[in-house]
Structure formats: structure tokens, C-alpha cells
Amino acid sequence: MKKIINDPDQVVQDMVNGYIAAYPEKVRLIPNTLVLARKEAPIKGKVGLVSGGGSGHEPAHAGYVGKGMLDAAVAGEVFTSPTPDQVLEAIKAVDGGEGVFLIIKNYTGDVLNFEMAAEMAEAEGIQVEKVIVNDDVAVEDSSFTTGRRGIAGTVLVHKIAGAKAESGGSLKEIKQVADKVVANVRSMGMALTSCTVPAAGKPSFTLKEDEMEIGIGIHGEPGIERKPITSADEIATELTNRILEDIEISKGNNIAVMINGLGATPEMELYIVNEKVQGILHDNGIHVYRTFVGEYMTSLEMAGISITLLKLDDELKTLLDAGSEAPAFRS
Amino acid sequence: MELDVSRTIKWIKLANEKIQMNKDYLTTLDQPIGDGDHGINMARGFQAVVTKLDEEDYQEVSDVLKDVAMTIMSKVGGASGPLFATVFLKLTNALKGEQIINQKQFAIGLNEAVSGLKQRGKATEGEKTMVDVWSPIADLFQTNEEVDHSSILQTASNALEKVKDMMATKGRASYFKEKSIGHLDPGAVSSYYIFEALAEVWKGASK
């Protein structure tokens, strides 16, 4: 293992400390937790938004804490859900009296821990609603989930639900719009190399020099097929077609596209993929309203990409365009 | 048989000993179906529970159980943390205010624990999860006037035998469907240790 770290057991704490040092004007650390909250939270009269999960997916989720997106992010150990007491602290830190909305990726551990925190918060008199994101079309059940996995599409849920909350939306309205995003967002990824969990010290899996894995999860969970690597155009075509088979996007529909790097893939390659994706969508008569290219939901140092498509209506367009001051997402 | 503060503490400490002793075995069970950390997580969590219990003085059984639940919740992690925390939290709530817990009260507590567990894990009997150990034990206490230690042991080990032959449809093991038959669910085995420990405390108490 070759990593720029001090102590494998301290990576999350060290990262969180460094993050706070980078954005002291935007975020604060809730004492004795790994919860990063917006400096001004709780905001009276605004619904609080909380997300989080295992670490190793940076800039998710702390990078999305800021005006127009999340009010708090809870960092678990690498690829491990945060515990309910941590999530509860986040909920309490951002409740401005209008309730708190949780955005959860669909992994068994995340769902159990966040739901338990939600019940505890409700027992303390805080109203809580949630959405479970399951945008990955690759596999139905996996070693980490029952049902589909939540991946990069989660960032668009943060953005749109965040904009709704910022504009004064009620807990119920935020839930409605978040459900709408989840119903209309689909993703799929692929990898060239594995990631290495610091505490494990060795790669989670191995791919041969000329091999790639289609449909891989953001923790290195198995995808659907291992095969010899093909060109960027062929990879873009395969992933885009799989997504289009799963969700009906008709001629004339407006969509948002996200080309996401998994950690070790250069932006150059992301743009090469993007060109092909845009071409396919254009050929299908689909109108691309917004495109996001970059690292949004990574898997440590995995080389690979994911493609996300979100079908938009007028409400989602407006919310997607609304301002965000989160360090990792500028509108 | 009745459960007081000192017996409750003894129960949990015995359970911890069994989990520590079988840490590697539990991890081996978890490797093919999960991420192989069940034994490590449970051992770390229950050790923290025992440390906590040694630090405090308790007046009521429910206070002991509450600390067990809260420590498991913050120290075990993964999917097991909230599941084991839930059963102890439900027991805590059901037994609140009682100095001495009789069998009938304990039966009510176990029933609450099982329904909480089913709700948390969105699971029911027959799905190869820890529910399949907790539920038969709750039934045993519910339907028998005098439960003795050997019936607790018998019920727990019968339950575990049945779990082995089930096909997983919930949790991570469901990914392996048919392949899961013949394999033991690590959460069910940890639950077995908890009841094996209970049986030993029960034996010591009823004489």
C-alpha cells in the first residue's frame, strides 16, 4: 500500500480536521463527533438536510455541506456507515424547528443506522423524513445491499433537495421533490483498477492489466462483467445504453448528465467519455440541459467512471440551477 | 427465576466472554457473505459494553440494559450495531421501573425486542437472520410457566440448526441466495451466544 497518510486508523479524523481547516468560514465540527455542519446551522425556519455514509467517497459528503445543499454530513469509517448516535448529533445540530430531511444511499448498514437515528430524533420531538437513493442500474442485490445501490446520482438529490430547502420548502415538499429525483435518476459505473482501504492495506480486488469490470460498486463490490478493456467510446456506449434501457427518456426530454471520476481517472478521460455520451443522447433526440464532469462520488483511488442521467421537468431544472455555495458543487 | 441487576450484568459479561472467544469464528462466518468484520465489530462493541458496566453503579435492570444498548449502538457499527442495539433498547423500555424482573416481564420484554428487530431489519421468521434465534426464545418464555436453563439452551441450539438450512432472502447473505443454505448466519450465531450466556445465568440463579 502506498498512501499519503499518517496512521491507517486515523484517516477519517485527520481528513475531517483538514477539511475544517480548509473551510473554516463555511463549516464547523460538532464536538466529539465526525459530523460537519454548516457554520450557521441550525437555521431557524429552514428544514435541515443531513446526509453521510462511509468515508472514501470524497468529496461526498462533506463537500456538499453549504448554502443551497446540505446542512450536515456524517462521516463514517472508510466504507462503513456512521453509527446512529453520530447521525442523531447531526440531526440535532441542524434542526431549526421545521424538521430534518435525511438523504441515505441504499446500503444495508446506512439504512439501518440512519433509520435508527431518525427514530431516536423523533423520540426527542424532531420531525424527520428521509429518501433512500438507489440509482445504480448495474445490480439488483449486492454484497452490500438489498435492492439497487446508491451512487453518484445521490449528489443530484443533495443539490435539488438542498435548493428546495433553501427556498423555504416544507419537509413534505422536500420529500416530494427528492422522491421525484430518485424516480428519475439512473447511474452505472465501471472500473479499471481496485481501491485499497487504508486499514486493510491491500487492494479490495484485482483486475488484470488489460481487464475492466462493468457495473462495479463504489466500494469495489462486484459488478456484472469482467472483460478486456475497450475504447472510451465503447465504454460510454455500453453504460449509456444500459441506463437508457432502464429508464424511459423520450425524444425531446430534458436531462442532466454527470460524468463522474472514481478517484484515479484523469479529467481528460472523463471529457473523452462525455463527448461520446453527449453524441448518443443527441442521436436519440434527448436534450442535455446541464452537464457535470468531475469527481463527485469517488471510491478512494479506484480508476474508473460512472455515468448518471437525470430526467428533468421545469421544477427540477429550476432547483438544479439554484445557487450552491458548497465547496464541491458550484451551480 | 428472576433477573436482578447483578445477574443482568453477569449475563452480559458471559455473553461478552463467548463473543471474544469466538471472534475469529464469527468473522469466518461473515467472510463469504459480508465484509468479514462481524466478529471484530461484535468483540470490540461487547468489550466496550463490559468496560462501561464496570464503571457504573446500577439501581435498575433497565439502566444496565440501556447502557448495553447505547454502547453497542455507538461501538459495534455496520448493520449489526443497530440490530443488536435495537433488541437491548426494546428490552430496556419494556422493563423500565422494575427492580426485579420476573419471567413474565422478561417474556414481554423479549416480545418487544423481537418486534423491534423485525421492524428495524424489515425481516420476519424464516429468512435466515438473527430473528430466527430471538423469536423462538421469546416464544419459549411466552408460552411456558417455568422456563429452566436447559430449555433455553435447547431452544437456542435448535433454532441455530434450523437457521443453517434456511435460504437467505434478507441482509447481505441474500446476495448468495441458494448458496447460503448450509451456512450459518453470523448474527444468529452471536445471538445464540447471548442466550447460551442467559441459560448459564438462569442455571446459577434457579439452583
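Every number here is computed from the coordinates shown, using simple stated rules; none is lab data. Fair warning: this is a prediction, and the values are worked out from it, not measured in the lab. No Cβ is skipped: glycine too gets one built from the backbone with ideal geometry, and neighbour counts run over all protein chains shown.
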Practice task
Could you tell me how many degrees, from 0 to 90 and to the nearest 10, lie between the Cα long axis of helix B:5-21 and the main elongation axis, the longest principal axis, of the Cα atoms of chain B?
Solution key: 30 degrees
Practice task
Name the residue farthest towards the positive end of the dipole of the protein assembly as shown from the options A:M188, A:I160, B:N111, assuming +1 on Cβ of Lys and Arg, -1 on Cβ of Asp and Glu, about the Cα centre.
Solution key: A:I160
Exercise for the section: Could you pull out every one of the aspartates and glutamates with an alpha carbon less than 14 Å from that of A:K159, ignoring same-chain neighbours closer than 8 positions? Expected result: A:D71, A:D179, A:E315, A:D321, A:E325
Practice task
For A:E234 and A:E211, compute 0.36 nm times the residue count separating them, minus their Cα-Cα distance, and round to one decimal in nm.
Solution key: 6.9 nm
Exercise for the section: Report the local net charge at A:M190: Lys and Arg +1, Asp and Glu -1, summed over other residues whose C-beta lies under 12 Å from its C-beta. Expected result: -4
Exercise for the section: Could you size up the charge dipole of region A:83-172 around its Cα centre, putting +1 on the beta carbon of Lys and Arg and -1 on that of Asp and Glu, and report it in debye to the nearest 20? Expected result: 340 debye
Practice task
Find the lysine pairs in region A:185-321 meeting two conditions, Cα atoms under 20 Å apart and a separation of 8 or more places or different chains, and report how many there are.
Solution key: 5
Exercise for the section: Report, in whole Å, the centroid distance computed from the Cα atoms of region A:71-111 and region A:1-70. Expected result: 12 Å
Problem - Loop-resident sites, region A:214-250, for GluC sites (Glu not before Pro), counting at most 12 other Cβ within 10 Å (DSSP) - result: A:E248
Completion exercise
Expected integer from the mean partner chain Cβ neighbour count at 10 Å over A:109-122 is 4
Completion exercise
In region A:93-199, the GluC sites (Glu not before Pro) that sit in a DSSP loop and have at most 14 other Cβ atoms within 10 Å of their own Cβ are A:E124, A:E140
Practice task
Would you calculate, for chain A, the mean residue ellipticity at 222 nm contributed by helices, counting each DSSP H stretch of 4 or more residues as -39,500 (n - 2.57) and dividing by all residues, to the nearest 500?
Solution key: -10500 deg cm²/dmol
Exercise for the section: Jot down the radius of gyration and Dmax of the protein assembly as shown, Cα atoms only, both in angstrom. Expected result: 24.2, 81
Handout entry: Student exercise, the protein assembly as shown dipole from Lys, Arg, Asp, Glu Cβ charges, in Debye to nearest 20
Key = 380 debye
Practice task
Run the quick spin-label model on A:I20 and A:K317: label points 7 Å from Cα toward the beta carbon, then report their separation in nm to one decimal.
Solution key: 4.3 nm
Handout entry: Low-density loop positions, trypsin sites (Lys or Arg not before Pro), region A:213-258 - DSSP coil, at most 11 other Cβ in 10 Å
Key = A:K251
Practice task
Report the charge-dipole magnitude of region A:25-183 in Debye, nearest 20, computed about the Cα centre from +1 at each Lys and Arg Cβ and -1 at each Asp and Glu Cβ.
Solution key: 580 debye
Problem - Extreme residue, positive dipole direction of chain A, given options A:M258, A:M212, A:N113 (C-beta unit charges) - result: A:M258
Completion exercise
Here the residues of region B:183-201 lying in the modelled label zone of B:T28, meaning backbone nitrogen under 20 Å from a point 7 Å along Cα-to-Cβ, are B:183-194
Exercise for the section: May I ask which of B:K18/B:K128; A:K175/B:K118; B:K52/B:K75 have a Cα-Cα span longer than 19 Å here? Expected result: B:K18/B:K128; A:K175/B:K118
Completion exercise
Computed over chain B: longest principal axis from alpha-carbon atoms vs helix B:186-206 long axis, angle to nearest 10 degrees, is 30 degrees
Exercise for the section: Only Cα pairs under 8 Å and at least 6 apart count here; give the relative contact order of region A:185-321 as a rounded whole percent. Expected result: 33 percent
Completion exercise
Of the residues A:N134, A:Y271, A:A73, the Cα lying farthest along the dipole of chain A towards its positive end, which is defined by charges on the beta carbon of Lys, Arg, Asp and Glu, belongs to A:A73
Handout entry: Distant-in-sequence amide H partners of A:M302 (H built 1.01 Å from N, under 5 Å)
Key = A:A264
Problem - Distant-in-sequence amide H partners of B:G36 (H built 1.01 Å from N, under 5 Å) - result: B:Q31
